[in-house]
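Written below as structure tokens is the structure these notes are about.
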Amino acid sequence: MFPTKKFFLLGILQVLFAATAFSENEVFIPVTTANNALVFKVDNNHKLRQCYYGDKLNPSDYPSIQVSTADAFPTFGTSNINEAALRAVHADGNTSTELIFDSYTTEKAGDGVELTTITLKDTFFPFLVKLCFKAYQKDNVIEQWSEIRHTEKKPVMLYNFASSHLFFSDNNYYLTQFFGNWAEEMKMEEVKLTRGQKVIESKLGVRTNSFAHACFYLSLNGQAQENAGKVIGGTLAWPGTWNLTFDVDQLNNLHMISGINPYASQYSLKPNTVFKTPSFLYTYSSEGTGNVSRNFHRWAKQYGIYRGDKTRTTLLNNWEATYFNFNEEVLSNIIKDASNMGFELFLLDDGWFGDKHPRNDDTQGLGDWMVNKKKLPNGLGYLVNEATKNKIKFGIWLEPEMVNPKSELYEKHPDWVIGQPNRPLDLQRNQLILDLSNPKVQEYVYSVIDKTLSENPGIAYIKWDCNRYITNSGSYFESPQNQSHLFIDYVHGFFTVLDKVRAKYKNVSMMLCSGGGGRIDYATLPYFDEFWISDNTDALDRIFIQWGTTQFFPAMALASHVSACPNGITGRTIPLKFRFDVAMSAKLGMDLQPKDMSPEDKEFSKKAIQEYYGIRGIVQFGDLYRLLSPYTNTRTALMYVAENKNEAVVFTYLLKKTITGNTQPLILNGLDPQKTYTVTEINKDPKSYSWFSPLDGKTFTGEFLMKYGLRFTMYNEYDSKIIKLTSK
Ligand code: DGJ
């Protein structure tokens, strides 16, 4: 039965309503979370319009909303003149799709999660689009995707297939985008959107965050602020090509479309099969970007990352310690040192494999996942045992999607790689990508993981690397007509492999790595415990890269390693304490050769690792509050507050020497104003005088700390402080 009321109330957790016909009465379809509402209306022409997204309204006010004439899901070939969310060409050559409202349902999809599905149907063809919305109540996150299906006699060619279309009618719009390159990922830049289109996208197929991330802030009516102002944060959960289009129309309305990049990806959809788009995740805050980040972090720990409720381990990685140059003895000694210093896991990186073509540099051997007996005569098992003897866990590096042409795998299966016939091989880092659209290749990639883990049951951790993107995008597996499916089918193949891996290996931790931070997204992270954000481990640069990454992704899973100086990439020399203080603000690790450290530095490291264990729970499970941005301040600061607000930890870093001293106050945030907190400096540098000393050990109210703040001078470039707050 179709209700005739003016609006419907949400909040009941069971299936609320299933409408199957249309009435002339006004129909509002709200998708609500604890604080937000996204409201649709079906108009008298049976068209679905998005009429509101923002702070939750009283449903009785919905009829007072001025409804736009913009389609909720604009299609090509109708009166719509804006960018199309959907463009389909039917078998008879008809290029139009005219969608009208058919029905909607709202049902419970887990604890505190509500799924609303709005079905739209074409007025002529048996062609349906479902707009799906999962509303995560307490985190105020909406996950939106679309499902396209038809029962026409022949396939329909899809040219555009967006996940979402959002519509805004405001005074002005500011867009913060995230961009970069290898070793300088996740930089932030804000621009005012002017008439016309601003497109952020990736056409790379794999490792698609190499130059830009599918994340953004959209600030309404002014520039984005940390603790004030209306802002939307969004990110597309998809490791393939992606596109975020911001289109300001002739009336200053903004149309925001997210989805797989339609670029070279037209998809032939057979009858009765569902084309499911990736999820677009977004949240709204009227209290600035800080809230947006916290919404994403909380959401991610429950839904967006593998075992987000589990403590992450510290580790020592041999990559920057040895690169390819190691043997059993060298590694055994590193394992001992790692354990003595207090790390919980040793990670063996690239270079341990290859027989006919040993992997002694990056020119050969990728794809041949048998142990290099010259380097490791007793196999991986020996090293796993060494780790066990030393009471730490063992992890291993794999890059299972890739192959060097100089490998036994390529010699045997040259048709398994992505490339075009009659064109030269296009190599990056001397390697090619295996074509995961091919089920045989999927099986092989799975077997690499399965073989490595089943032959060495002691392996507790995998670093899954991926060091190039797609060029020459042809598939020897896809048919000539379906070559344009490659970008999409690759991703599905990738997930098929990951599903199988996780079905069998639930307790193995996995790090998502892609030549640094080239692949970080919320479709892949549900399989991974942590991620590597950059090969640049220079602590100063890391402050910026971590600042950018944690806008959307939680620090608990952000691997941050202390490395040697001068830094291998930047050549910069930075005090060990500063390097630790930066790494300790996320998930601490190390990437250096312990035997090259002075006894003093080793001692400092041992203590720092123990200090990290003392704050790990707050950093990994607390809420992040950003205090001073490195983009606009000489001193930068951030803090984490435990959920019960009994503990917090503040990190502050001086980026540049200030001759007269930097006195920027740290106005804390997120504390309980009623509680009293004792402030204690941790990870102290025994050698230097601290201007924090007069405050050390003192007690202040949360209110004072959030109004007056912590005030102390910092002088020298690379001064840093970690201050723990404890309330009884
Ligand atoms: C790129 C990764 O980002 C590095 O950490 C390291 O694992 C190398 N690949 C190994 O080739």
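The values are calculated or read from the model by the stated rules, or taken from the named source; none is laboratory data. Predicted, not measured: the structure shown is a model, and the values here were computed from it. Neighbour counts run over all protein chains shown; Cβ positions are idealised from the backbone, glycine included. Keep in mind that these areas ignore ligands, DNA and RNA; they rest on the heavy atoms of the full protein, side chains included. Shrake-Rupley method; radii C 1.70, N 1.55, O 1.52, S 1.80 Å.
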When the range 524-540 is checked residue by residue, the ones that are in a loop (DSSP other than H, G, I, E, B), open to solvent by less than 10 Å² (accessible area, probe 1.4 Å) and within 15 Å of the ligand (Cβ to nearest atom) are PHE528, ILE533, SER534, ASN536, THR537, ASP538
Next item on the list: Determine, yes or no, whether TYR469 is within 26 Å of LEU158 (Cα to Cα) and within 16 Å of the ligand (Cβ to nearest atom).
Entry: yes
If we ask which residues in the range 679-695 are assigned to a loop (DSSP other than H, G, I, E, B), touching a strand residue (DSSP E or B) at 6+ places or on another chain (Cβ under 6 Å) and not hydrophobic (A, V, I, L, M, F, W, C), their number turns out to be 1
Those residues of the range 461-483 which are more than 13 Å from LEU434 (Cβ to Cβ) and crowded, with 20+ Cβ neighbours inside 10 Å amount to TYR461, ILE462, LYS463, TRP464, ASP465, TYR469, SER473
Apart from one, (1) assigned to a loop (DSSP other than H, G, I, E, B); (2) among the charged types (D, E, K, R); (3) surrounded by fewer than 22 Cβ atoms within 10 Å (Cβ to Cβ) all hold for ASP450; the odd one out is (1)
Could you please let me know if ASP581 is more than 14 Å from the ligand (Cβ to nearest atom), more than 30 Å from LEU453 (Cβ to Cβ), buried (at least 24 other Cβ atoms within 10 Å of the Cβ) and more than 22 Å from the chain's Cα centre (by Cα)? yes
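Looking only at residues that are assigned to a loop (DSSP other than H, G, I, E, B) and more than 19 Å from the chain's Cα centre (by Cα) in the range 499-523, which one is farthest from the ligand (Cβ to nearest atom)? Reasoning before the result, please.
Quick first cut of the range 499-523, residues assigned to a loop (DSSP other than H, G, I, E, B) only: 505-508, 513, 515-516, 518-523.
Subset that is more than 19 Å from the chain's Cα centre (by Cα): 505-508.
On the way: TYR505: 20, LYS506: 24, ASN507: 23, VAL508: 18 Å.
Selected residue: LYS506.
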Per the filter on the range 310-339, residues away from the ligand (no atom under 13 Å from the Cβ), of a type outside the set (Gly, Ala, Ser), closer than 20 Å to ASN378 by Cβ and touching an Asp or Glu at 6+ places or on another chain (Cβ under 6 Å) are ILE335
SER210: passes all of (1) in a loop (DSSP other than H, G, I, E, B); (2) under 29 Å from TYR303 (Cβ atoms); (3) open to solvent by 60 Å² or more (accessible area, probe 1.4 Å) but (3)
Those residues of the range 340-397 which are within 30 Å of ALA608 (Cα to Cα), of a type in the set (Asp, Glu) and more than 12 Å from the ligand (Cβ to nearest atom) amount to GLU344, GLU386
Taking the range 663-694 and keeping only residues that are small (Gly, Ala, Ser) and more than 16 Å from ASP623 (Cβ to Cβ), one is left with SER688, SER690, SER693
